[in-house]
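*Asks:* The structure that follows is given in the form of structure tokens.
The values are calculated or read from the model by the stated rules, or taken from the named source; none is laboratory data. If you're wondering where the values come from, they're calculated on a predicted model, not measured in any experiment. Here the Cβ positions follow ideal geometry from the backbone for every residue, glycine too, while neighbour counts run over all protein chains shown.
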């Protein structure tokens, strides 16, 4: 595990619900198209591209905005990451991301976006709360505003807390 890179990415609750389907409660809204795809897309600012390497573990931190859980709620594998001009982001990208064209401006001022293709999504059995992330050295406010590479020790700690019965102590 120590040679596998990881990245912690922020996501707002309303997007997380439809992209990750991580909540156990029954949803009143219809499921999004993104849930139909094995490979889904996460869009972010262009400066985050360097954080995403093929095979990296991608940890989704549901932020506090809009009553978010303040916890890492899921993990996935990065398949690919690339830059795409905002005007070239097509319906296929958006369907796999749960975003609408009108949402793209909220992802930074740049007219270029990072598109991260991910698969093998797993919901955390125990969401890893903000307090734990702070103990692990990756939970300060400035560390959770944008995608950030995390250390192998932080990856291990998040996995041990998120999947407590799947790994020996």
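*Asks:* Kindly provide the set of residues from the stretch 117-137 that are in contact with a helix residue (DSSP H, G or I) (Cβ under 8 Å, 6 or more places away or on another chain) and under 30 Å from residue 86 (Cα atoms), ordered by number.
*Replies:* Selection gives 121, 123.
*Asks:* Here is a follow-up. Taking only the stretch 62-106 into account, find how many residues are farther than 20 Å from residue 16 by Cβ and within 13 Å of the chain's Cα centre (by Cα).
*Replies:* 0
*Asks:* Is one or more of the residues making up the stretch 68-78 farther than 19 Å from residue 12 by Cα and out of contact with any strand residue (DSSP E or B) (no Cβ under 9 Å at 6 or more places or on another chain)?
*Replies:* We begin by selecting, within the stretch 68-78, every residue farther than 19 Å from residue 12 by Cα; these are 77-78.
If we keep only those that are out of contact with any strand residue (DSSP E or B) (no Cβ under 9 Å at 6 or more places or on another chain) too, we end up with none.
No: the stretch 68-78 contains no residue that is farther than 19 Å from residue 12 by Cα and out of contact with any strand residue (DSSP E or B) (no Cβ under 9 Å at 6 or more places or on another chain).
*Asks:* Further, regarding this structure: State which residue pairs qualify: first residue surrounded by fewer than 19 Cβ atoms within 10 Å (Cβ to Cβ) and inside the stretch 1-27, second residue at pLDDT 85 or above and part of a helix (DSSP H, G or I) in any location, beta carbons under 7 Å apart, and separation of 6 or more residues or different chains.
*Replies:* Correct list of pairs: 1/152; 1/155; 1/156; 2/152.
*Asks:* Tally the residues that are at pLDDT 95 or above and outside any strand (DSSP E or B), restricting the search to the stretch 49-69.
*Replies:* 8
*Asks:* Moving to a separate point now. Is it true that residue 99 is assigned to a loop (DSSP other than H, G, I, E, B), in contact with a strand residue (DSSP E or B) (Cβ under 7 Å, 6 or more places away or on another chain) and surrounded by 17 or more Cβ atoms within 10 Å (Cβ to Cβ)?
*Replies:* The answer is yes for residue 99.
*Asks:* Looking only at the stretch 128-139, count every residue that is under 17 Å from the mean Cα position of the chain (by Cα) and part of a helix (DSSP H, G or I) and tell me the total.
*Replies:* Looking only at that region, the number is 2.
*Asks:* For the structure I just gave you, tell me whether residue 81 is part of a strand (DSSP E or B), within 20 Å of residue 47 (Cα to Cα) and free of Cβ contacts under 8 Å to residues at least 60 places away in the same chain. If you could, list the steps in order and put the result at the bottom.
*Replies:* Working: part of a strand (DSSP E or B): yes; within 20 Å of residue 47 (Cα to Cα): yes; free of Cβ contacts under 8 Å to residues at least 60 places away in the same chain: yes.
Yes: the conditions hold for residue 81.
*Asks:* Next up: Can you pull out the residues in the stretch 36-69 that are over 25 Å from residue 101 (Cβ atoms) and surrounded by fewer than 17 Cβ atoms within 10 Å (Cβ to Cβ)?
*Replies:* Hits for the stretch 36-69 are 50, 53, 54, 55, 64, 67.
*Asks:* Go through the stretch 140-161 residue by residue and tally those that are more than 15 Å from the chain's Cα centre (by Cα) and either in a helix (DSSP H, G or I) or surrounded by 21 or more Cβ atoms within 10 Å (Cβ to Cβ) (or both).
*Replies:* Result for the stretch 140-161: 9.
*Asks:* Please identify the pairs in which a residue from the stretch 84-103 that is closer than 18 Å to residue 13 by Cβ has its Cβ atom under 6 Å from the Cβ atom of a residue that is part of a helix (DSSP H, G or I), counting only partners at least 6 apart or on another chain.
*Replies:* Every condition considered, the pairs that remain are 98/15; 98/18; 98/19; 98/34.
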